[in-house]
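The values are calculated or read from the model by the stated rules, or taken from the named source; none is laboratory data. Remember, predicted model here, so these are calculated numbers, not experimental data. Note that each Cβ is placed from the backbone with ideal geometry, even for glycine, and that neighbours are counted across all protein chains shown.
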Amino acid sequence: MDTQRPFSHRRALSHGEGAQMMKVLELKDLPLNERSCVTVGGFDGIHLGHRVLLEEILREATIHKAKSVVVTFKIPPKVLLKRTPYGILMTLDEKIDEVAKYGIDYILLLDFEDVRNLTPKEFIEEIILKGLKACRLVMGFNHKFGRNSEGDTAFLARNLDKWGFALTIIPPVIIEGEVVSSTKIRKLVAEGNVRKASLLLGHPYRIVGEVIKGHGLGRKLGFPTANIKTHPQKVKPAKGVYAVIAILDGSEHKGVLNIGHRPTVSNKPSDMQIELHIPNYDGGELYGKPITIEFYERIRDECKFPSLQELKAQIRKDIEKAMEILNGHRDKDHTVDNCKGSQPDKVPTDSRT
């Protein structure tokens, strides 16, 4: 029986006729009553490397007439244990919704504290074999699991005969000479390099939030802005001005977004502000509305200008530049198929025939 969750966690798949709902599981819902093909990982951001893993378990599940299962954490352990200075690329809701789009049958959500003391052997035998009845396991080349990250693909390969399932190891996905990883993408976003981050993700980096009331300073300058409140653990791009697409009520709007402390209009220290301007927006009141922001490119640093007139002149230039960038991006698609060098440098390795 799957865990009952809010509708956003149980959304019907958006593609394919007769699509099934992905079921969200926790440990208390195990064991499954049917065999499965399983992949395990953090899946923060669902980047191009994750896409290869997801497509591989779908392929193998179809061949072997088994269910496809993604095993992941509610909060990535690196973030939970503060082993990274950055936050998360995706909230749990976003991760579940994104995995569901691939047509996965089940996603098993783990609380790190429930499994942190399991040895690699216990993790495989109790969760993967006994709980999920895995007949095949698909793992990334560098994935670690079990207590103190003691388990790896070499450990799995040594024990295949005893456990009786097949193992497929997915090699790294390399873009522009770099291995795609959530750690790398978090760093790129935090540095403001959203163009490179989006290339490794295979889609624009996104934040989801709510429009809240601000101080009305943008309107006084002639450029009304929507102030956006986001999940506190999301990685925020570096301070600066960005070309973005805002999605409101299902419609896309080109815009320019500032992240920072507004030094020209305020001499007082303030929390980081996220302010969006949509040129010629006439869609009505925004306060309280959910909003998704897609980041395409960083235009410039946040600056303090000598006067409001100079600030206004620069905002006009920012809008012009943002429109130029976004008009160029509309004909492009950040997908694995259109990213040069984004496919694995070799085919998946099956460690058991």
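List of remarks:
- Just one residue in the set I96, I104 is within 23 Å of K23 (Cβ to Cβ), in a helix (DSSP H, G or I) and within 17 Å of the chain's Cα centre (by Cα); that residue is I96.
- Residue within region 260-270 that is at pLDDT below 70, assigned to a helix (DSSP H, G or I) and in the same structural domain as E324 (by TED's automatic domain parsing) present: no
Conditions (1) hydrophobic (A, V, I, L, M, F, W, C); (2) crowded, with 21+ Cβ neighbours inside 10 Å; (3) out of contact with any Lys or Arg (no Cβ under 6 Å at 6 or more places or on another chain), marked per residue:
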{"position": "H64", "(1), (2), (3)": "no, no, yes"}
{"position": "K78", "(1), (2), (3)": "no, no, yes"}
{"position": "T84", "(1), (2), (3)": "no, no, no"}
{"position": "G87", "(1), (2), (3)": "no, no, no"}
{"position": "L92", "(1), (2), (3)": "yes, no, no"}
{"position": "I128", "(1), (2), (3)": "yes, yes, yes"}
{"position": "A134", "(1), (2), (3)": "yes, yes, yes"}
{"position": "G151", "(1), (2), (3)": "no, yes, yes"}
{"position": "A154", "(1), (2), (3)": "yes, no, yes"}
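- Condition broken by L58, with the remaining ones in (1) at pLDDT 95 or above; (2) out of contact with any Phe, Trp or Tyr (no Cβ under 9 Å at 6 or more places or on another chain); (3) hydrophobic (A, V, I, L, M, F, W, C) satisfied: (2)
- Out of K321, K317, sole residue that is outside the structural domain of A154 (by TED's automatic domain parsing), within 24 Å of L188 (Cβ to Cβ) and modelled with pLDDT of 90 or more: K321
- Identity of the residue in region 156-175, assigned to a helix (DSSP H, G or I) and not acidic (D, E), that ends up surrounded by the most Cβ atoms within 10 Å (Cβ to Cβ): L156
- Annotation: of all residues in region 136-162 being small (G, A, S) and without any contact (Cβ under 8 Å) to a residue 24 or more places away in the chain, the one that is farthest from H64 (Cα to Cα) is S149.
- Of all the numbered requirements in (1) out of contact with any His (no Cβ under 7 Å at 6 or more places or on another chain); (2) of a type outside the set (G, A, S); (3) in a loop (DSSP other than H, G, I, E, B), L137 misses one, and that requirement is (3).
- Looking across region 132-157, the residues that are in contact with an Asp or Glu (Cβ under 6 Å, 6 or more places away or on another chain) and charged (D, E, K, R) come down to R136, K144.
- For S36, the stated conditions do not hold, so it cannot be described as crowded, with 22+ Cβ neighbours inside 10 Å and either without any contact (Cβ under 8 Å) to a residue 60 or more places away in the chain or outside the structural domain of E113 (by TED's automatic domain parsing) (or both).
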